[in-house]
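Everything on this sheet refers to the single structure shown next.
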Amino acid sequence: MMDGEKPDTLESRYRAVMDDIADAARAASRNPADITTIVVTKFHPASLIRQLHALGHRDIGENRHQEAVAKHEELSDLDMTWHFIGQLQSNKARAVCEYASVIHSVDRMSLVGKLAAQPRPVDVFLEINLTDDPGRGGVLPDQLMEVADAVLEVDHLTLRGLMAVAPQHDDPARAFARVLDLQALLVARAPTATDLSMGMSGDYREAISCGATHLRIGTAITGKRPPAV
Ligand SMILES: *Cc1c(COP(=O)(O)O)cnc(C)c1O
């Protein structure tokens, strides 16, 4: 938004980004209603999530269990959908499922095993590692099908699709194009796993034009994150 008269508030940033998302969707001949925007509130206090709820927003993303569980408890009066988007230790899987209904960062067989062993229904995105570093979060592309098959075998896990973070120094459109190649393989096996969780503050327009269904947007809406505690 170029209007210099507008105050820079959570509400003004939220409305500007949501308008921009709708514009980008229409520019890509897509229906804005087919895109879910998750506001990533990591490091911010629960009060910011309460403000977002008052603005009518319902999808929240958090990446650290300790922080997310505390905020969820503080906000138990609010109807919101909690998305877990960060690296998830297997021993936290059960606890995360107590508040998160969607996990975007499933990336290995042992984690699928833990999610299978807990009782709650959970929607699952498989995170793809688009870097050459196997130590980064995400399943390596050549292991994708094995992990997908493991999720498909579990009745209370719903495989929604793929999640990716574009590598920092890469062209996001190129990264997202790789995700689309992998999506074609996945959908051949799991025809309903068509969702794509990709696009952050710096690259959501490209993600929308590449077919993203779930954007994970932090700083463009929340402003700068406070330092980690
Ligand atoms: C923090 C985070 C985001 C949001 O990043 P911004 O650049 O602030 O929009 C998205 N996805 C993941 C996995 C994150 O950890």
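Among the residues of the range 205-229, those identified as within 13 Å of the ligand (Cβ to nearest atom), under 16 Å from the mean Cα position of the chain (by Cα) and in a loop (DSSP other than H, G, I, E, B) are A212, G218.
Here is a check on your reading of the model: is L126 more than 15 Å from the ligand (Cβ to nearest atom) and buried (at least 23 other Cβ atoms within 10 Å of the Cβ)? Taking the combined requirement at face value, the residue does not satisfy it.
Listed by first and then second residue, the pairs with beta-carbon distance under 6 Å, at least 6 apart or on different chains, first residue in the range 183-212 and under 11 Å from A24 (Cβ atoms), second part of a loop (DSSP other than H, G, I, E, B) and more than 16 Å from the ligand (Cβ to nearest atom), are I208/A28; S209/A28.
Does the range 139-155 include one or more residues that are modelled with pLDDT under 95, within 16 Å of the ligand (Cβ to nearest atom), outside any helix (DSSP H, G or I) and surrounded by 17 or more Cβ atoms within 10 Å (Cβ to Cβ)? For the range 139-155, residues modelled with pLDDT under 95, within 16 Å of the ligand (Cβ to nearest atom), outside any helix (DSSP H, G or I) and surrounded by 17 or more Cβ atoms within 10 Å (Cβ to Cβ): absent. Residues in the range 182-214 that are of a type outside the set (D, E, K, R), surrounded by 18 or more Cβ atoms within 10 Å (Cβ to Cβ) and in contact with a Ser or Thr (Cβ under 6 Å, 6 or more places away or on another chain): 2 in all. Would you say T41 is over 21 Å from T194 (Cα atoms), in contact with a Gly (Cβ under 8 Å, 6 or more places away or on another chain) and not aromatic (F, W, Y)? Yes; evaluated as a whole, the condition is true for this residue. Residue count for the range 88-132 under the criterion of being among the aliphatic types (A, V, I, L, M) and assigned to a loop (DSSP other than H, G, I, E, B): the result is 2. Only one entry of A166, A173 meets the criterion of being out of contact with any strand residue (DSSP E or B) (no Cβ under 7 Å at 6 or more places or on another chain), more than 16 Å from the ligand (Cβ to nearest atom) and not charged (D, E, K, R), and that entry is A173.
The number of residues in the range 158-181 being closer than 15 Å to E127 by Cα and either aromatic (F, W, Y) or buried (at least 21 other Cβ atoms within 10 Å of the Cβ) (or both) comes to 11. Considering only residues that are under 18 Å from the mean Cα position of the chain (by Cα) and over 23 Å from S201 (Cβ atoms), which ones fall in the range 152-182? The answer is L157, T158, L159, L182.
The values are calculated or read from the model by the stated rules, or taken from the named source; none is laboratory data. Remember, it's a predicted structure, so these values are computed and weren't measured experimentally. Note that we place each Cβ from the backbone using ideal geometry, even for glycine, and neighbour counts take in every protein chain shown.
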